[in-house]
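Written out below as structure tokens is the structure these notes cover.
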Amino acid sequence: MEPNILFIIIGAIALTSGLLLGKFVFAKNTSKLIQDAEDQAKKVIADGQLQAENLKKEKLLEAKEKFVQLKSDYDRDVLQRSQKSNEAENRIKQKEQSITQKELNLDKQIKENDTIKENLNHQIEVVNVKRTELEKHQEEHIRRLEKVAGLTAEDARNQLIEGLKQEAHTRALVLQQEIIEDAKLKANKEARKIVIQTIQRTAAEQAIENSITVFNLESDEIKGSIIGREGRNIRAIEAATGVDLIVDDTPEAIVLSSFDPLRREIARLSLQRLVADGRIHPARIEEVVEKTKRQLDDQVMEIGERTAMELGVHGLHKELIRMVGRMRFRSSYGQNLLMHSRETANLCAIMAAELGMNPKLAKRAGLLHDIGKVPDEETELSHALLGAKLAEKYGENPAVVNAIGAHHDEMEMQYVISPIIQACDAISGARPGARREIMQQYIQRIKDLENLAQSYQGVEKAYAIQAGRELRVIVEADKVSDSDSDKLSFEIAQKIQTEMTFPGQIKVTVIREKRAVNIAR
């Protein structure tokens, strides 16, 4: 009987384990997991039964061997084992009842879940139907809006985007204009301050030269020797030097006339040597003139080197130094070109230092800005472009080359020092007493400027101001629009540039004013 009880206990334990395992798996998963748990429980029971059969056989063998020894003990333990068996059966029954109740609860929960699932599916179907209806209503609404507005949704969106872009662009332009106006106001104020300080810190000489040189004589008797037999000596001097000698009734003086100061200086020095030597004849004249030219070339180099050294401009090419020296014998509207270049160089250095830039580079560009006025050969290029070409040829800094070529706006300014050179050149040329001009020529040039502007249709008045450096044109508002004003300013400037000769630059300002006047009585 003992093996049977053991088999029952083992089977009960296996069944309990299977049911517990099935319960755990079922609580964790769905109905499929319950089936898996039941299969697992059956498998466990089958395994338990197999083990019980094996164990039964083993125990039967042991029982037969120990039957005699256990017989006496069996009667004593049978009651106790019966009680234990009853208790085990009770526990098994309780567990079976608990498992059955839980299975009922699980079935109930599964049914409830199925009901909830069905409800959710129904609700999803209702939502999908409503979504479809909503989309149809929305499409119908959009079609009605498009029909009312006469635009498609895409067109309306594009128009809205375009409108926003234009509004943003307008606001950006207004903001940009405000920033520019504020910057101009501050820039003009600072620029005036720097220009005034620069002018005040530079002490410049006033030098006026003419197109003639007077050669003084000790007595009028020397005039005959200079003229020579049948005028051969004076003709030889004029041919050798390219200078006209005017011998008139002026006592003890001969006038040397030439547009080139260098030629006049050669003629003056040659005459001085011929008169001091006393031997005046064509061969001697040619010899003295050639010797004077060589000495003057040496003097030109010396002047250029001394000027560069005094200004602290080092590393100039030999040809550039020679051109700087030749400036000593050139003038522009009565202003000595070398003095003008030295003054401009000093002004540039001061202004560049005030602006926190390189004063040495600015001084170098200021000294060389007019080298195009002293070329070895005649050319059709303007002096600014020719000067830039020469500076580039002799290895100058690109900033210096650009400053030379752009100081009359004939080349685009690409470096910050370029406007400095232009400003300082204007300061030196416009300084009172720096340049002179024949009054009749000046008045005629002013009249020509005003007449040129008044020749255009729609121009009411024209005034040349600032010594002819600015032309203000007042137009009739009814005949000239704002866009026409820009065009008129450009055309007048181009015509002045092509038809007139003038120093520096001329600013053309076209003014269009619209007035509305009413009287309240």
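Data for the structure
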| item | result |
| --- | --- |
| Within the stretch 336-349, tally of residues that are buried (at least 24 other Cβ atoms within 10 Å of the Cβ) and either over 21 Å from Ala391 (Cα atoms) or of a type in the set (A, V, I, L, M) (or both) | 3 |
| Per-region count, the stretch 451-476, residues of a type outside the set (D, E, K, R), surrounded by 16 or more Cβ atoms within 10 Å (Cβ to Cβ), out of contact with any helix residue (DSSP H, G or I) (no Cβ under 7 Å at 6 or more places or on another chain) and not in a strand (DSSP E or B) | 1 |
| In the stretch 507-519, the residues that are at pLDDT below 85 and either over 18 Å from Gly458 (Cβ atoms) or in contact with a His (Cβ under 6 Å, 6 or more places away or on another chain) (or both) | Ala516, Val517, Asn518, Ile519 |
| Some residue of the stretch 47-60 being modelled with pLDDT under 70 and either more than 60 Å from the chain's Cα centre (by Cα) or not acidic (Asp, Glu) (or both) | no |
| Residue count for the stretch 495-507, restricted to those that are more than 20 Å from His407 (Cβ to Cβ) and surrounded by 11 or more Cβ atoms within 10 Å (Cβ to Cβ) | 1 |
| Ile321 vs. criteria over 34 Å from the mean Cα position of the chain (by Cα), closer than 25 Å to Tyr415 by Cα and modelled with pLDDT of 90 or more | yes |
| Tally, over the stretch 41-93, of residues that are surrounded by fewer than 13 Cβ atoms within 10 Å (Cβ to Cβ), closer than 19 Å to Ala12 by Cα and among the hydroxyl-bearing types (Ser, Thr, Tyr) | 1 |
| Failed criterion for Lys363 (all others in (1) farther than 16 Å from Ala403 by Cα; (2) in contact with a helix residue (DSSP H, G or I) (Cβ under 6 Å, 6 or more places away or on another chain); (3) of a type outside the set (Gly, Ala, Ser) hold) | (1) |
| Selected residue [crowded, with 18+ Cβ neighbours inside 10 Å, farther than 28 Å from Ala240 by Cβ and either under 40 Å from the mean Cα position of the chain (by Cα) or not assigned by TED's automatic domain parsing to the domain that holds Ser270 (or both)] from Ala353, Ala384 | Ala384 |
| Subset of the stretch 392-418 that is free of Cβ contacts under 8 Å to residues at least 12 places away in the same chain and in a helix (DSSP H, G or I) - its residue that is surrounded by the fewest Cβ atoms within 10 Å (Cβ to Cβ) | Lys393 |
| Candidate set from the stretch 300-335 (those that are within 15 Å of Gly387 (Cβ to Cβ) and hydrophobic (A, V, I, L, M, F, W, C)); member that is surrounded by the most Cβ atoms within 10 Å (Cβ to Cβ) | Val324 |
| Of all residues in the stretch 477-495 being in a helix (DSSP H, G or I) and basic (Lys, Arg), the one that is nearest to Glu410 (Cα to Cα) | Lys495 |
| Count - residues of the stretch 274-298 that are in contact with a Lys or Arg (Cβ under 8 Å, 6 or more places away or on another chain) and surrounded by 16 or more Cβ atoms within 10 Å (Cβ to Cβ) | 3 |
| Qualifying positions in the stretch 200-230 - within 60 Å of the chain's Cα centre (by Cα), at pLDDT 60 or above and buried (at least 17 other Cβ atoms within 10 Å of the Cβ) | Thr213 |
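The values are calculated or read from the model by the stated rules, or taken from the named source; none is laboratory data. What you see is a predicted model; the values in this text were computed from it and never measured. As a convention, Cβ positions derive from the backbone with ideal geometry for all residues, glycine included, and neighbour counts pool all protein chains shown.
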